[in-house]
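First the structure, in the form of C-alpha cells, and then the observations on it.
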Amino acid sequence: MNKSFRIGSTVLACAYFWYCAKNYTEWHFIDNANLIFHEAGHTIFFFLGTFIQVLAGSGLQVMLPLSIALYFFYHRQNISGALCLLWTGQSLLSVSVYAGDAVLQQLDLLGGDSVMHDWNYLLSTTGLLPHTDIVASGIYFLGICTIGIGSILSLYYASSIDPEKNM
C-alpha cells in the first residue's frame, strides 16, 4: 500500500474518532455496530445470572473491538490493531454516556420504557449509584486515553517504512 495513502487514511480514521470523542453524547455511525455487540452480550451470557448478563452488554461492546485489536497486534498487523484501539476508545465513550444516565434514566433504550436500564441496575446492585458521575467519568477518561494511544500508534505505524515490523 502506498505510504501517502496509508498515512492519509489513518489521519481520516483518527479524525473521525476524535470527532466522535468531541461529540460523544451524540449517536455516530459506529454506534450501530456497538449496539449490536452490546445486545449480543446480553444474549450470549444470559445463563450466567442477571448481573453478569447485564454487565456483558457493555462488556462485549468494549471487549470485542479490544480483542480484535489484540488479535491484529499479535499477528503483527499493527496499523489495524491501532485503528481497532480507536474503536475501543469510542465504545468506552459510548458506555460512559450510558453509565452516566444511571440516575436520571433519560436515554431512549432499545425496547422502550419497559426495559431495565443496565447501568442503573449495575450501580444500584453494587452500591455505586451515588457515585454515578465518578464511574462515568472514569470510563470516559479511559476512552479518551485509549483513543489517544490508538491515534499515536496508528500514525506511528502508518508513517513507518515497514509498518508490520515495528512491534
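Could you grab the pairs with beta carbons closer than 9 Å, sequence gap of 6+ or different chains, first residue in the stretch 26-40 and charged (D, E, K, R), second one modelled with pLDDT under 95?
Glu39/Leu110
Those residues that are outside any helix (DSSP H, G or I) and either touching a residue at least 24 places away in the same chain (Cβ under 8 Å) or within 25 Å of Trp18 (Cα to Cα) (or both), I need them from the stretch 110-130; list them, please.
Leu110, Met116, listed by residue number.
Just give me the residues in the stretch 37-56 being of a type in the set (A, V, I, L, M) and over 18 Å from Ala99 (Cα atoms), in sequence order.
If the condition is that a residue be of a type in the set (A, V, I, L, M) and over 18 Å from Ala99 (Cα atoms), then Ala40, Ile44, Leu48 are the ones that fit.
Considering each of Gly41, Gly8 in turn, give the residue that is in a helix (DSSP H, G or I), of a type outside the set (A, V, I, L, M, F, W, C) and surrounded by fewer than 17 Cβ atoms within 10 Å (Cβ to Cβ).
Gly8
Starting from the stretch 131-156, take each residue that is of a type outside the set (S, T, N, Q) and list its partners that are outside any helix (DSSP H, G or I), counting only C-beta distances under 7 angstrom and pairs at least six apart or across chains.
Val135/Leu128
Right, Ala99: within 16 Å of Ala136 (Cα to Cα) and touching a helix residue (DSSP H, G or I) at 6+ places or on another chain (Cβ under 7 Å) or not?
In short, yes.
Could you list all residues from the stretch 12-32 that are assigned to a helix (DSSP H, G or I) and surrounded by 15 or more Cβ atoms within 10 Å (Cβ to Cβ)?
The answer is Ala13, Cys14, Tyr16, Phe17, Trp18, Cys20, Ala21, Ile30, Asp31.
Just checking, which of Ala102, Ala82, Ala69 is buried (at least 21 other Cβ atoms within 10 Å of the Cβ) and not in a helix (DSSP H, G or I)?
When all the criteria are applied, what remains is Ala102.
The values are calculated or read from the model by the stated rules, or taken from the named source; none is laboratory data. Just so you know, these numbers come straight off a predicted model, no measurement behind them. As a convention, Cβ positions derive from the backbone with ideal geometry for all residues, glycine included, and neighbour counts pool all protein chains shown.
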